[in-house]
Each structure stands twice: as structure tokens, then as C-alpha cells.
Amino acid sequence: MRNGGSTKGRRPPVERSVFNPLNLSPTPQDNMPRPIISPSVLASDFGQLTIECKRMINGGAEWLHMDVMDGHFVPNITIGPPVLSCVARSIPGIFMDCHMMVEHPEKWVGDIAAAGGSLYCFHIEATSDPLSLIKAIHDKNMKAGVAISPDTPSAAITGEIGAAADMLLVMTVYPGRGGQKFLDRCVPKVAELRARFPDKDIEVDGGVGPKTVHSCAEAGSNVIVAGTAIFHADNPEEVITALKNAVVTAQTNRSA
């Protein structure tokens, strides 16, 4: 498929409402962005990727975090549109949160949309025209996310960029590989962005789990990416619920 392939007739992405027979998911606070858990498939068994994604959805995950790496922006290479397309065909309605760790992110918007991507999150360090890129993403009926790496200040996301985007991602490890240690020094950037964008989805990604989620949630993150902490857990559903509860508790404390 050519880059920028047509998505004519494709409906805008719809976030799934996951049926949870045990009613374990906490209730989000009014007037605050809802808690969203986005398990990172980088920590999954790629030999059973579709089964792994279904396992996360059945455990209460709303999104699946798809790390797309090109070997240039970061040294690692992972998955791309052909794999995403297979997952989308196997799991109708899946919300794929595509984290594009790639050079020239403008190049892949059409292909990711055609593969079933729901949210296209690019690194601000990789583009010279983020506003045009956000428009191109929206034109393909995807949500647009803007990511910043650990050494990039939150000020790089200007008011205009933040207002145009649907989600802001603060990396709490260096992009490129899973299993890194959580960087506490990145958490203040979450708080600064939440102060400027109170209604925006703000995601954290990297080394996040039950022991580190609280500082992220207290700073204002409502979208939690976790890989090893969920996929390698004996009971992923309990971990997903614990992460959601951390966000709800932090929101409740902020609204008190």
C-alpha cells in the first residue's frame, strides 16, 4: 500500500466500552478526563499478538498501545501497518493507540489510518510542522497525539499545539525499548501540561506500574501506558483496575 493510502468510507474511531461482568472499573470524576489504561503490546508475546490484545481488552483495557519504531528515530524496529491491519481485522472496534517513534511521521499517516489506527501520536522532536501534521491526522479520521521525550521541555508543546491535539504524551523513559527504569524527573512536566490543558487526555509511558503510577496520576495523567506490569502479571485484570483506581483517587483529591 502506498503511503497516504485512501481511507474513503472509513468511520471515525470509536472508543470501545468494554463489558466488565465483575464491575471492577472505577467511576471517573465528573468534568475530568476519564481514566484510560493502554497496555503496551511491546511487552506482549508477539507470536500470539491478537490473543494477547484480546486478553487485555477482556481484562478491562480501553486502548492498546502500539509502539511503532523505524530503526532511525530510535535504534529499535518493531511493528508497522501490516501487523496493525491484522490486529484490526481480528478484533473489530479495537482502539489502537499508535505511538509513532519514527522519523518523518508525516510519511505514515495514511498507512496507519488504513491499517485501522485510532490515535496517531508523533514525537514533536521529529517534525518541523506539528500543526500541519495534526491536521493531516484529523483528516484521516484519527485522533492526534503529541509526545515529548525525557529531555524535551513541556514548553515545546505550545498553547496552539496543545489545543489542536487530542492527547499529550510525556515519556517517562527514553523511547526505543521497554523495561527501562521510570524517570521521576519527567513527572513535573505532566503537572505543567495539566495546568495548561485541564480537559486534555495526558498520557504517561515508560516504567509505569502499580508502584510508580501514583505520582503520575497525582500530577494529572489520566491515560496510563504500562507494559511489563500488566502483560507479565499473574492477574492483569487486577493490575488494570489498580491503575485506574490510582487515577480516580488522584482526581478525587484534586477536586476536593
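Would you confirm whether any residue within region 48-55 is polar (S, T, N, Q), at pLDDT 95 or above and either buried (at least 19 other Cβ atoms within 10 Å of the Cβ) or closer than 20 Å to residue 233 by Cβ (or both)?
Yes, there is a match, as at least one residue in region 48-55 is polar (S, T, N, Q), at pLDDT 95 or above and either buried (at least 19 other Cβ atoms within 10 Å of the Cβ) or closer than 20 Å to residue 233 by Cβ (or both).
For region 240-256, which residues satisfy the criterion of being over 13 Å from residue 58 (Cα atoms) and of a type outside the set (Ser, Thr, Tyr)?
Once the filter is applied, which keeps residues that are over 13 Å from residue 58 (Cα atoms) and of a type outside the set (Ser, Thr, Tyr), region 240-256 yields 242, 243, 244, 245, 246, 247, 248, 250, 251, 253, 254, 256.
From the list 24, 64, which one is modelled with pLDDT of 65 or more and under 26 Å from residue 222 (Cα atoms)?
Just a single option satisfies the conditions, and that option is 64.
Quick one: in region 68-97, which of the residues that are of a type outside the set (A, V, I, L, M) and in contact (Cβ under 8 Å) with a residue 40 or more places away in the chain is most open to solvent (accessible area, probe 1.4 Å)?
Here the residue is 75.
Which of the residues that make up region 70-108 are farther than 29 Å from residue 59 by Cβ and more than 19 Å from the chain's Cα centre (by Cα)?
Result: 71, 72, 75, 104, 107.
If you check residue 256 against the conditions, is it open to solvent by 60 Å² or more (accessible area, probe 1.4 Å) and either of a type outside the set (Lys, Arg) or in contact with a helix residue (DSSP H, G or I) (Cβ under 8 Å, 6 or more places away or on another chain) (or both)?
Criteria met by residue 256.
The values are calculated or read from the model by the stated rules, or taken from the named source; none is laboratory data. Quick caveat, the model's predicted, so the values are computed rather than measured. Neighbour counts run over all protein chains shown; Cβ positions are idealised from the backbone, glycine included. Only protein heavy atoms, including side chains, enter the accessible area calculation; ligands, DNA and RNA are left aside. Shrake-Rupley method; radii C 1.70, N 1.55, O 1.52, S 1.80 Å.
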